[in-house]
1. Can you say whether A:Val15 is at pLDDT below 95, open to solvent by 30 Å² or more (accessible area, probe 1.4 Å) and either within 11 Å of ligand 2 (Cβ to nearest atom) or within 13 Å of chain B (Cβ to nearest Cβ) (or both), as far as the supplied structure shows?
2. When you check B:Met233 against the structure, is it within 14 Å of chain A (Cβ to nearest Cβ) and either surrounded by 21 or more Cβ atoms within 10 Å (Cβ to Cβ) or under 23 Å from the mean Cα position of the chain (by Cα) (or both), yes or no?
3. Inspect all residues belonging to segment A:62-70 and state whether any of them is under 29 Å from B:His225 (Cβ atoms) and modelled with pLDDT of 95 or more.
4. Quick one: which of B:Ile272, B:Ile292 is surrounded by fewer than 23 Cβ atoms within 10 Å (Cβ to Cβ) and within 13 Å of B:Met373 (Cα to Cα)?
5. Just checking, does segment B:345-359 include any residue being within 21 Å of the chain's Cα centre (by Cα) and open to solvent by 20 Å² or more (accessible area, probe 1.4 Å)?
6. Out of everything in segment B:177-222 that is in contact with a Lys or Arg (Cβ under 8 Å, 6 or more places away or on another chain) and within 14 Å of chain A (Cβ to nearest Cβ), what residue ends up being farthest from B:Ile121 (Cα to Cα)?
7. Identify all residues within segment A:32-50 that are in contact (Cβ under 8 Å) with a residue 40 or more places away in the chain, open to solvent by 70 Å² or more (accessible area, probe 1.4 Å) and within 9 Å of ligand 2 (Cβ to nearest atom); write none if there are none.
Amino acid sequence: MAKIKIKDMPIGARVCNPGSSEAILTGDWRSYTPVVDKEKCINCLNCWVFCPDNSVIVKEGKLEGFKMSHCKGCGICAQICPKKAIRMTEA
Amino acid sequence: MAKKKLEDIAINGDGAVAYAWKQIDLDVCAAYPITPQTIIVEDFSKFVANGEVKTEYVCVESEHSALTLCAASCSAGARTFTATASQGLAYMWEMLPITSAMRVPLVMAVANRAVSGPININNDHGDSMAARDTGWIQMFADNVQSAYDNAVIAPRIAEHPDVQLPIITNLDGFILTHAVERMTLIDTEDVKKFVGEFEPVCPLLDYKHPTSHGMFDGPDFYYAHKYQQVEAMDKALGVAEQVFKEFKKLTGREYHLVDEYRCDDADYVAIILGSSYGTMQETVDQMREAGIKVGAAMPHIYRPWPEKELARIMKGKKAVAIFDKHVSLGAYGPMYPEVVVAAADLEKMPKMYNFIYGIGGADTSVSILRDAMESVVDGTADKINYVGMKLL
Ligand code: SF4
Ligand code: SF4
């Protein structure tokens, strides 16, 4: 924060370096953490579609886990899961 | 630039603004008709329908949508204009500070009309004054000629790389919008050359350099971006002065941050906005004939506030009368405290009087202004005076 000078900031609250939101670690805000029960999961990937921070990791068409650097713990994945396979824990 | 003298025409203020827009041939226009602005969008939509301009005219269902669309279109990289008045401007309010914070150099004509209620369609400055803190540059016109000239000048100030702010060109409802006056046109080629090509900064439609506009700011960035707007406003004063100089070279017509009439040797100065500046000039002439040294001044640019120029004009004067066509209920006319602040650093502060006048279109005659100025000269005026009220 201290390094940024007003005169160097793009005007109009514009973001001129695309893809830069990756540098903002939204995982820092997390107070609830998603945990998947792979027994219940049917790999429909609804959670992957709905995650607002692209934090559901998918490998070879299957749910692998969550990207903790950016998962903010919003719980949308848990809400959307048709099998109630995701539980939000206080970790 | 070549000076081509064209024949004068007879036209009303709205028609003159629409004509200037046609000469500029903007990219996009979206506006909702509202009295007394309607003629601007009616005339301009005719130019679009007849193929006289290449403008994309977008029909919208409200002023809120009009301004939202215009802000987005300007963000995308198109030169975009709109127009409104009174309730329309009020309905746009949510988008006014957003537009300025997005730093889109949008041009909007406002046909000044009293804000309801009670319901009223006549001229006062309540609409634009309520928008004064929203980060838009504001210009005022005292006659049809200057309404037309402002329409040509405005994009040059707004689009300047150091400014990049939206701009309102005010013209008094009915008194200027509907009354026909004699006016000199500028050759269309000269208008186009003067206004130049629109060069947007980081437009949304620049695919090679993708950007996001209208982002969220936490407190630190919000404050910093507001400060950038403060700096841009400051710079707009210098830019406006420069553009006025160029405009004079092109047309011979002279505008300043504060237009002045017989102020140099005056003992008393009236500060007034819009069409009444002309009425005040006639008042000044009459009082001068009677041997009273009076002058008049009009902030041609109202936002950013031309404090230094006003201080220079007020220096050494016995008294200053500030005429406001709006009242901040429970306080003063909106210009009054700002003029007082502008005078605060003078060695000897003139006596400062506030006159509220012309509210809801109340008639503003030379005799009303003359009575007011005479009460300033003989010192019988109150601090705040409500003049021209017929029902007392
Ligand atoms: S939504 Fe539920 S069932 Fe579907 S992939 Fe995600 S965790 Fe598995
Ligand atoms: S909790 Fe929210 S951010 Fe984290 S994986 Fe689920 S949907 Fe994505």
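1. So A:Val15 passes the test.
2. Spelling it out, B:Met233 is indeed within 14 Å of chain A (Cβ to nearest Cβ) and either surrounded by 21 or more Cβ atoms within 10 Å (Cβ to Cβ) or under 23 Å from the mean Cα position of the chain (by Cα) (or both).
3. For segment A:62-70, residues under 29 Å from B:His225 (Cβ atoms) and modelled with pLDDT of 95 or more: present.
4. B:Ile292
5. Looking for residues that are within 21 Å of the chain's Cα centre (by Cα) and open to solvent by 20 Å² or more (accessible area, probe 1.4 Å), one finds at least one in segment B:345-359, hence yes.
6. Restricting to residues being in contact with a Lys or Arg (Cβ under 8 Å, 6 or more places away or on another chain) and within 14 Å of chain A (Cβ to nearest Cβ), the top hit is B:Thr211.
7. A:Tyr32 - this is the single residue of segment A:32-50 that is in contact (Cβ under 8 Å) with a residue 40 or more places away in the chain, open to solvent by 70 Å² or more (accessible area, probe 1.4 Å) and within 9 Å of ligand 2 (Cβ to nearest atom).
A quick yes/no check of all residues on (1) touching a Leu at 6+ places or on another chain (Cβ under 8 Å); (2) more than 8 Å from ligand 2 (Cβ to nearest atom); (3) open to solvent by 80 Å² or more (accessible area, probe 1.4 Å); (4) within 14 Å of chain B (Cβ to nearest Cβ):
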| residue | (1), (2), (3), (4) |
| --- | --- |
| A:Thr26 | no, no, no, yes |
| A:Arg30 | no, no, no, no |
| A:Pro52 | no, no, no, yes |
| A:Ile57 | yes, yes, no, no |
| A:Glu60 | no, yes, yes, no |
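The values are calculated or read from the model by the stated rules, or taken from the named source; none is laboratory data. The structure presented is a predicted model; accordingly, all values stated were derived computationally and were not measured. Cβ sites come from the backbone with ideal geometry, for glycine too, and all protein chains shown count toward neighbours. Each accessible area value is taken on the protein alone, full model and side chains, heavy atoms only, with ligands, DNA and RNA left out. Shrake-Rupley method; radii C 1.70, N 1.55, O 1.52, S 1.80 Å.
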